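Report on one structure; see the data block that follows.
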Amino acid sequence: MASQVLVAANRGPLSYVLGDDGALESRRGGGGLVSGLSAALAEQPEALWICAALSEADREAVRRGVSEPGVRMLDIDPTIYDDAYNGIANSVLWFTHHVLYDIPREPVFDAEFRRRWESYEAYNRAFAEALAQEAAEGASVLVQDYHLALVPGLLRVLRPDVRIAHFTHTPWAPPHYLRMLPDYARETLVWGMLGADRLGFHTQAWADAFLGCTDLDDAWGRAEPGADRVEHRRYTVWKRRTTHVAVYPLGVDGDELRALAHRPEVDERLAALRTETGGCRTIVRVDRTELSKNIVRGLLAYRELLAGQPEWRERVVHMAFAYPSRQDLAVYRDYTAAVAQLSAQINEEFGTADWTPVHLHVKDDFARSLAAYRLADVALVNPVRDGMNLVAKEIPVVSDAGCAVVLSQGAGAYGELREDALTVNPYDVTQTAKALHRALSMPEAERAERTKRLAAAATALPPARWFAAQLADLRESAQTS
Ligand code: F6P
């Protein structure tokens with residue numbers, strides 16, 4: 001039966017594992033996008049989620065016709081998938097939107113890039129075709145993230161009757177950064193996005209960056225002489241179709257998260273972590289080991305804290321939960337190794353027989369992350385650039401005794417949390433070390449008050465309302481355009 005509400009995202013709400021007996025077992029998918037959308041779609045039981053088969057087990061599930069209601073997995077040719085996901089989405093678009101290139105050497109756009117770009121187009125086409133097949137007349141289609149930036153344009157051609165929204169979970173590249181892409185890639189990217197009726201971003205900064213990229217020649221060269229301000233546009237017009245651009249800052253569902261954080265398995269892990277800290281104060285970070293998360297500078301700041309404020313030695317531990325990610329890419333493997341190496345160096349330099357300054361945990365364990373959220377005296381969230389960063393929002397919501405949040409100006413969450421977080425320039429290690437000192441020294445009453453206000457800001461737009469608002473706006477634009 002054709003669907004009225006469809007979601008398209010690279011990662012689905014579940015993935016499969018193949019047991020030794022050949023049986024397929026489904027597991028919940030991971031990552032911020034998946035948890036936000038899964039919570040939102042729990043209130044949209046009729047919706048269909050189209051996602052890619054990510055592994056051989058997922059492909060096997062498609063081949064055997066194994067599926068769950070409300071989910072359709074696409075079995076995309078593995079080479080095309082690898083080129084699109086690793087070769088373009090994660091190696092090029094992620095780096096461009098997060099401003100991560102090591103400029104004297106990168107990026108290099110050569111014939112190999114062109115080949116991968118064609119795979120990215122084919123992968124987007126597979127999604128557009130599946131959506132075109134599954135969508136009912138006039139359906140609402142909500143496309144997610146940088147993996148699928150071309151889908152709105154491609155689907156618009158196939159199904160002019162459907163309403164299309166696209167949400168970007170990452171930052172959007174500043175215009176001068178997007179301009180580095182070859183013209184054909186940049187133009188196709190913007191064309192793809194402008195196929196949507198509505199575009200959503202987590203913050204005004206990312207929305208403005210996108211708008212600045214829609215007409216790069218204007219953005220670069222045609223400033224009005226004598227103009228002392230520039231109007232911020234809220235929409236962009238292309239081929240006489242209007243694409244509305246809006247901001248929907250994803251928050252967390254406080255009740256659900258607190259319930260999850262008080263399950264017996266979390267209590268158990270909390271007890272174990274308490275023993276591990278040996279009564280020290282705790283600075284916690286929880287991240288994928290991701291270049292944009294700035295884990296190395298976070299460790300350098302901790303080292304500077306121990307060097308500059310020796311009173312904290314043997315009184316604090318840094319619990320870094322840094323879960324390896326994208327290990328198919330060499331640059332991520334190198335970064336993971338650098339994090340481990342620096343942690344070991346700090347332990348070597350400052351550790352004593354009874355005290356290990358850095359506790360690096362690399363095995364992803366959601367229950368243990370929640371336990372760490374409850375335990376943290378200080379949360380360190382210092383990405384160089386981040387679409388939103390839900391960790392900064394989750395910690396204050398579940399904290400047991402109040403937690404001071406050291407927060408980067410580059411995180412999307414900065415806009416909503418800046419009043420009560422201790423904010424830092426993510427490149428400024430010394431400022432980050434000082435903020436850690438201030439956070440550790442904050443009087444308990446102040447910490448508790450700030451945590452309460454941070455939690456209120458973090459839960460302002462929980463996933464179900466975040467999604468419903470986009471759907472309502474999309475339906476509204478269907479009536480007005
Ligand atoms: O930040 C945007 C986001 O989609 C996250 O929700 C997600 O964790 C990540 O990017 C993508 O990760 P992955 O490549 O593991 O799906």
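Just so it is clear, none of the values below were taken in a lab; they were calculated from the coordinates. These numbers come from a predicted model, not from an experiment. Heads up, the Cβs are rebuilt from the backbone with ideal geometry, glycines too, and the neighbour counts pull from every protein chain shown.
Applying 1/(1 + (r/R0)^6) with r as the Cβ-Cβ distance of GLN309 and ALA271 and R0 = 35 angstrom yields a FRET efficiency of 0.75. Within the shell of other residues whose beta carbon sits under 11 angstrom from the beta carbon of GLY351, the net charge comes to -3, with Lys and Arg scored +1 and Asp and Glu -1. Take 159-166, 332-339, 111-118 and order them by the average number of nearby Cβ atoms within 10 Å per residue, most first; the result is 159-166, 332-339, 111-118.
Restricting attention to the chain, close to 15% of DSSP beta bridges with both partner residues there are antiparallel.
Using the average count of surrounding beta-carbon atoms within 10 Å as a protection proxy, the listed peptides 422-435, 15-28 rank, highest first, as 422-435, 15-28.
Label point 7 Å out from ASP102 along Cα-to-Cβ: which residues of region 321-338 have amide N under 15 Å? Zone members listed by number: 329-338. Residues in region 195-207 carry Karplus couplings, in order, of x, 7, 6, 9, 10, x, 9, 6, 9, 5, 4, 6, 5 Hz; the curve used is 6.51 cos²θ - 1.76 cosθ + 1.60 with θ = phi - 60°, and Gly or Pro positions show x.
Counting charges near PRO249 (Lys, Arg +1; Asp, Glu -1) among other residues having Cβ under 10 Å from its Cβ returns a value of 0.
Potential lengthening of the chain between LEU24 and ALA111 amounts to 27.4 nm, from the contour at 0.36 nm per residue minus the alpha-carbon distance. Amide H to amide H distances under 5 Å link GLY402 with no residue, where only residues 5 or more positions off or on other chains count and H is placed in the peptide plane. Between GLU60 and VAL157, the contour length at 0.36 nm per residue exceeds the Cα-Cα span by 31.8 nm.
Taking Lys and Arg as +1 and Asp and Glu as -1, the other residues whose beta-carbon sits under 13 Å from that of GLY192 total 0.
Most tightly packed first, judged by the mean number of other beta-carbon atoms within 10 Å of their residues, the peptides 344-352, 459-467, 245-253 read 245-253, 459-467, 344-352. The simple Förster model, with R0 at 22 Å and r as the Cβ-Cβ distance, assigns THR352 and GLU444 a FRET efficiency of 0.20. Applying 0.36 nm per residue to the separation of ASP328 and ASP255 and subtracting their alpha-carbon distance, the gain on full extension is 22.6 nm.
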